[in-house]
Each structure stands twice: as structure tokens, then as C-alpha cells.
Amino acid sequence: MKFFVDTADVGEIRDLAQTGLLDGVTTNPSLVAKTGRDFLDVVREICQIVHGPVSAEVTATEFEPMLAEGRKLASLAKNVCVKVPLTLAGLKTCKALSDDGVQVNVTLCFSAAQAILAAKAGATFVSPFVGRLDDIGQDGMDLIADIVQIYGNYPAFRTEVLVASVRNPTHVVTAAKLGAHVATLPPNVLRQLAQHPLTDKGLAAFLADWQKTGQSILKS
Ligand code: G3P
């Protein structure tokens with residue numbers, strides 16, 4: 001399973017990239033707005049830090065300007081993955097960019113029907129938003145199960161399921177059990193994955209016992 005980080009905060013990305021656990025980055029207009037920085041500068045900088053796909057989202061809503069924005073974003077770096085919304089204009093843009101060899105992430109997916117369209121449009125990734133479905137009383141993971149099953153029925157579909165709007169480690173583990181290809185995680189969720197109280201407790205006990213020996217590995 002690939003892990004992307006869902007942020008436009010370059011400091012966070014740099015820090016997490018050093019763990020060697022990052023396969024890519026996703027951004028969206030809300031995350032870019034939080035940084036207060038120039039969008040294109042941020043995308044260029046992220047693409048130098050992480051060499052996997054970096055999703056950068058268009059903001060036009062009609063086909064022609066959306067395609068123009070997508071081409072401009074794709075020209076910023078080889079690893080830009082153009083993010084388009086799951087609308088008919090977005091799907092048309094996805095097809096045009098994919099035919100040109102540009103990676104595309106179709107975002108704001110909330111139904112299996114929409115995910116089928118994204119695959120038919122040649123998307124590299126489809127982004128179902130699990131947390132936002134949970135927020136309205138549906139189980140976001142049911143959508144992941146449906147999409148993974150449907151895509152599995154059609155080997156010609158090359159689109160990867162990128163689980164987005166992830167809120168907690170359980171989302172990640174459930175997505176992995178279902179066979180989703182990618183999860184994009186807010187930085188705090190990525191860090192939470194490494195934590196367990198018994199790890200902390202066990203480590204504290206080992207270190208206390210080690211201190212009693214008076215030894216040092218590096219000085220032996
Ligand atoms: O990047 C898209 C998605 O991950 C947003 O998540 O938490 O705003 O629903 P959220």
C-alpha cells in the first residue's frame with residue numbers, strides 16, 4: 001500500500017519525507033490556502049522534495065480553462081499529478097490529459113458510479129472521500145469496498161484507488177484490508193500509525209533495565 005501525505009505544508013512534507021515512508025503528496029485548494037503561499041511555488045517546491053506523484057488541483061470548472069490549467073500545472077514538474085473534480089468537465093479533462101500521458105487524480109468521488117467513470121476516463125487515481133461520507137452518516141469504507149471490487153472485475157481499468165479524507169488509523173487499516181492501492185494521510189494520522197501505548201511502556205521498561213547494566217553499545 002502506498003502512503004501519500006495530504007498537506008501543502010512544505011515543512012511537514014520535508015519532515016515526513018525523511019522517514020522514507022512517503023510515496024507521494026496530495027494537495028487541494030483548501031490546503032494551499034492554509035499556507036498563504038503562492039500555489040505554483042508550493043507545487044514546484046513539493047515536487048523537489050518528494051519524487052512520487054504530487055497532486056495539484058485545477059480550479060476552473062469548465063472544460064477548456066480546466067484543461068489549460070491542467071497543462072500548466074503538469075508543466076511545473078515531471079511528477080505533478082493533475083487533480084480534477086468528478087464532474088463531466090473534470091472527466092473530459094482527465095481523458096484529454098491522460099491521452100497526453102499526464103497523470104490525473106479525479107477527486108471528490110462519493111459513489112461507485114462516479115468511480116467507474118473516472119476509470120473509463122483513464123484516471124491514474126480516483127479519490128473517494130471516506131471521512132466526509134462518515135460525516136453524513138454513511139460508511140465511507142463501504143464505498144472503498146465497492147470500488148475495489150468493481151475495478152477488480154475489469155483488469156483493463158488501470159486506475160488506482162486513493163483513499164482520501166482519511167481521519168484516523170482505522171481508516172488506513174480497513175482500506176489496506178480491502179486492498180486499496182493508496183491512502184493519503186494528514187500528517188497527524190501518518191504519525192499516529194506508529195504509536196501504541198504498549199510500545200511506549202515496553203520501551204521505557206527496556207531502557208530502565210538497560211541503564212542498570214551501566215553499558216553503552218557505542219562505547220563497547
Ligand atoms: O485532499 C482531499 C481530502 O483528503 C480532504 O480531506 O479531511 O478535508 O475531508 P478532508
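The values are calculated or read from the model by the stated rules, or taken from the named source; none is laboratory data. Please read these numbers as outputs of a predicted model, since none were measured by experiment. We place every Cβ from the backbone using ideal geometry, glycine too, and count neighbours over all the protein chains shown.
I'd like the full set of residues that are away from the ligand (no atom under 12 Å from the Cβ) and free of Cβ contacts under 8 Å to residues at least 60 places away in the same chain, limited to segment 1-14. Hits for segment 1-14 are V10, G11, I13, R14. The residue pairs whose first member lies in segment 22-36 and is touching a residue at least 40 places away in the same chain (Cβ under 8 Å), whose second member is of a type in the set (F, W, Y) and away from the ligand (no atom under 12 Å from the Cβ), and whose beta carbons are closer than 6 Å, counting only pairs six or more residues apart or on different chains, are D23/F3.
Among the candidates V163, V189, the residue that is under 20 Å from V25 (Cβ atoms), in contact with a helix residue (DSSP H, G or I) (Cβ under 6 Å, 6 or more places away or on another chain) and not in a loop (DSSP other than H, G, I, E, B) is uniquely V163.
Of all the numbered requirements in (1) more than 14 Å from the chain's Cα centre (by Cα); (2) crowded, with 18+ Cβ neighbours inside 10 Å, Q138 misses one, and that requirement is (2). Select from segment 18-32 the residues that are over 13 Å from I49 (Cβ atoms) and within 12 Å of the ligand (Cβ to nearest atom) and write down the one among them that is surrounded by the fewest Cβ atoms within 10 Å (Cβ to Cβ). Among those residues, the one meeting the criterion is S30. Counting the residues of segment 26-62 that are outside any helix (DSSP H, G or I) and under 22 Å from E160 (Cα atoms) gives 12. Reported count of residues in segment 182-194, each being more than 12 Å from the ligand (Cβ to nearest atom) and crowded, with 18+ Cβ neighbours inside 10 Å, is 1.
Check segment 98-108 and report whether any residue there is assigned to a helix (DSSP H, G or I), at pLDDT 95 or above and more than 16 Å from the ligand (Cβ to nearest atom). For segment 98-108, residues assigned to a helix (DSSP H, G or I), at pLDDT 95 or above and more than 16 Å from the ligand (Cβ to nearest atom): present. Screening segment 46-57 for residues that are surrounded by 17 or more Cβ atoms within 10 Å (Cβ to Cβ) and away from the ligand (no atom under 14 Å from the Cβ) and picking the one that is farthest from V84 (Cα to Cα) gives V50.
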